[in-house]
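Asker: Pasting a structure here, questions to come.
The values are calculated or read from the model by the stated rules, or taken from the named source; none is laboratory data. Values in this document were obtained by computation on a predicted structure and should not be read as measured data. Using ideal geometry, Cβ is built from the backbone for each residue, glycine included, and neighbour counts are taken over all protein chains shown.
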Amino acid sequence: MRELIRRQTEWAESHTRKYKLMDVLRIEPGMTILDLGAGSGQYAYKFAERVKKTGKVFATDFKTDRIDYISEQSRLRNLTNLFPVLVNKNGLDEFYTKNKFDLVFVAHVYAFFNDRINYFKKLKDSIAENGQLVVLDCKFSHEFSLSDVSDFDGLIKQLSSEESNSPFYLHLRESTKELLHRALEDSTRKLLKNVIIDEFNRIQEDICFLSNFLKEGLTFKEKVHFTTEESNFINACLRIFRIEDEFLDDSGGLNMANTNRHTFYLMKIINTILIVQKFRQYLYNGKPAPYLPQGYGNWQNSSIIQELSLAGYSLKHKYDFIPFTIILVFTPNKSERSTCSLNVAKEE
């Protein structure tokens with residue numbers, strides 16, 4: 001367990017250096033930073049190094065083993081300005097209300113907060129004057145659409161020719177299989193387009209689909225063809241499955257009986273990329289980008305922006321980070337606040 005946490009930390013830290021996150025966020029000595037839901041602390045360590053001894057970093061989590069790990073690492077790394085804090089899982093912990101933070105950093109955990117609008121509305125008072133809320137999240141639209149398919153004839157032909165034991169065929173409804181093998185009259189073809197999109201969206205949420213592609217130890221079987229970016233992203237997701245070992249069975253495979261909202265979300269992303277890698281040549285004119293379905297990179301109507309707007313925040317910047325990841329920078333809507341002091345290196 002601890003070895004897996006260590007590996008996850010090293011991976012995240014390497015990407016933080018590669019993509020110059022500290023420079024982009026303009027992290028400076030003397031700042032007080034909250035890493036909200038810090039996990040293994042991979043970002044907290046870099047924050048603590050950057051703010052130096054004149055600054056402070058608080059890394060919070062509701063799991064004792066993660067806080068213990070961060071505590072140990074802070075000692076080993078001699079980070080005397082890093083303070084791990086065990087917080088309550090439900091509601092806004094009292095710790096937050098007793099402090100002020102120049103920057104609140106939320107990495108890949110936003111979706112797992114309950115009652116998010118009220119939670120972040122209450123948290124707003126803990127953000128210092130000119131402070132900011134930074135949300136790092138997956139660039140992921142939850143549904144396929146008709147516009148994602150550039151070659152329906154090729155896609156229909158490919159699906160029709162799948163072997164009966166192919167996961168992509170097995171997980172289709174019987175009515176869809178019948179349509180695929182029926183003479184493709186114009187009326188049937190039009191119906192089949194919508195049916196296939198519906199099937200893809202249904203397979204995204206099928207908790208058994210991913211298991212068809214995995215061997216023991218959560219390694220992929222042959223005949224999957226990911227791009228480097230897709231592979232890196234999926235491996236990061238699988239690291240989380242390994243670390244959250246309650247989601248593994250005795251053989252090291254996924255135990256879907258224990259699937260929660262966190263693992264379900266990650267599984268859905270992986271299922272989507274599995275569909276994309278299989279039918280890539282019929283999607284987006286065969287181009288490698290945008291990888292994921294309709295809406296990739298279009299965050300104007302994202303639930304995060306909508307919810308945080310209702311919670312009293314304004315979006316100031318958005319820009320790309322590591323593959324499949326976007327950073328959204330918000331400032332609280334408070335009277336007599338100065339304009340955003342955090343300038344990004346490159347806006348999208």
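Asker: Kindly indicate the residue of segment 23-41 that is among the hydrophobic types (A, V, I, L, M, F, W, C) and not in a loop (DSSP other than H, G, I, E, B) and also farthest from the chain's Cα centre (by Cα) among those meeting that condition.
Answerer: Narrowing segment 23-41 to residues among the hydrophobic types (A, V, I, L, M, F, W, C): 24-25, 27, 31, 33-34, 36, 38.
Filter again for not in a loop (DSSP other than H, G, I, E, B), leaving 24, 33-34, 36.
Values: Val24: 20, Ile33: 21, Leu34: 19, Leu36: 15 Å.
Ranking the qualifying residues of segment 23-41, first place goes to Ile33.
Asker: Here is a follow-up. Considering only segment 162-170, I want to know if a residue exists there that is more than 20 Å from Lys193 (Cβ to Cβ), assigned by TED's automatic domain parsing to the domain that holds Glu222, modelled with pLDDT of 90 or more and under 27 Å from the mean Cα position of the chain (by Cα).
Answerer: yes
Asker: Take the residues in segment 66-99 that are charged (D, E, K, R) and surrounded by 13 or more Cβ atoms within 10 Å (Cβ to Cβ), then tell me which one is nearest to Thr263 (Cα to Cα).
Answerer: Start the filter on segment 66-99 by keeping residues that are charged (D, E, K, R), which leaves 66, 68, 72, 75, 77, 89, 93-94, 98.
From what's left, surrounded by 13 or more Cβ atoms within 10 Å (Cβ to Cβ): 66, 68, 72, 77, 93.
Values: Arg66: 17, Asp68: 23, Glu72: 27, Arg77: 31, Asp93: 24 Å.
By that ranking, first place goes to Arg66.
Asker: Within segment 31-84, work out how many residues are under 21 Å from Glu129 (Cβ atoms) and polar (S, T, N, Q).
Answerer: Residues in segment 31-84 being under 21 Å from Glu129 (Cβ atoms) and polar (S, T, N, Q): 2 in total.
Asker: Would you confirm, using the coordinates I've provided, whether Ser164 is without any contact (Cβ under 8 Å) to a residue 24 or more places away in the chain, of a type outside the set (Val, Ile, Thr) and either over 30 Å from Lys221 (Cβ atoms) or outside any helix (DSSP H, G or I) (or both)? First the steps, then the outcome.
Answerer: On the way: without any contact (Cβ under 8 Å) to a residue 24 or more places away in the chain: yes; of a type outside the set (Val, Ile, Thr): yes; either over 30 Å from Lys221 (Cβ atoms) or outside any helix (DSSP H, G or I) (or both): yes.
Criteria met by Ser164.
Asker: Here is a further query. Filter segment 142-161 down to the residues that are surrounded by fewer than 19 Cβ atoms within 10 Å (Cβ to Cβ) and under 23 Å from the mean Cα position of the chain (by Cα) and list them by number. Working first, answer last.
Answerer: To start, the set of residues in segment 142-161 that are surrounded by fewer than 19 Cβ atoms within 10 Å (Cβ to Cβ) comprises 142-143, 145-147, 150-154, 157-158, 160-161.
Result: His142, Glu143, Ser145.
Asker: Which of the residues spanning segment 226-239 are within 11 Å of the chain's Cα centre (by Cα) and either outside any helix (DSSP H, G or I) or more than 16 Å from Ile275 (Cβ to Cβ) (or both)?
Answerer: Ala236
Asker: So which residues in segment 102-154 are assigned to a helix (DSSP H, G or I), in contact (Cβ under 8 Å) with a residue 12 or more places away in the chain and of a type in the set (D, E, K, R), if there are any at all? Break it down stepwise before answering.
Answerer: Filtering segment 102-154 for residues assigned to a helix (DSSP H, G or I) gives 110-112, 116-126, 146-148, 152-154.
Then drop every residue that is not in contact (Cβ under 8 Å) with a residue 12 or more places away in the chain, which leaves 110-112, 116-126, 146-148, 152, 154.
If the condition is that a residue be assigned to a helix (DSSP H, G or I), in contact (Cβ under 8 Å) with a residue 12 or more places away in the chain and of a type in the set (D, E, K, R), then Arg116, Lys121, Lys122, Lys124, Asp125, Asp148 are the ones that fit.
Asker: Here's a follow-up. Out of curiosity, is Phe330 over 21 Å from Ile117 (Cα atoms), modelled with pLDDT of 70 or more and touching a strand residue (DSSP E or B) at 6+ places or on another chain (Cβ under 6 Å)? Please lay out each step first, then the result.
Answerer: Values: over 21 Å from Ile117 (Cα atoms): no; modelled with pLDDT of 70 or more: yes; touching a strand residue (DSSP E or B) at 6+ places or on another chain (Cβ under 6 Å): yes.
Against the criterion (over 21 Å from Ile117 (Cα atoms), modelled with pLDDT of 70 or more and touching a strand residue (DSSP E or B) at 6+ places or on another chain (Cβ under 6 Å)), Phe330 does not qualify.
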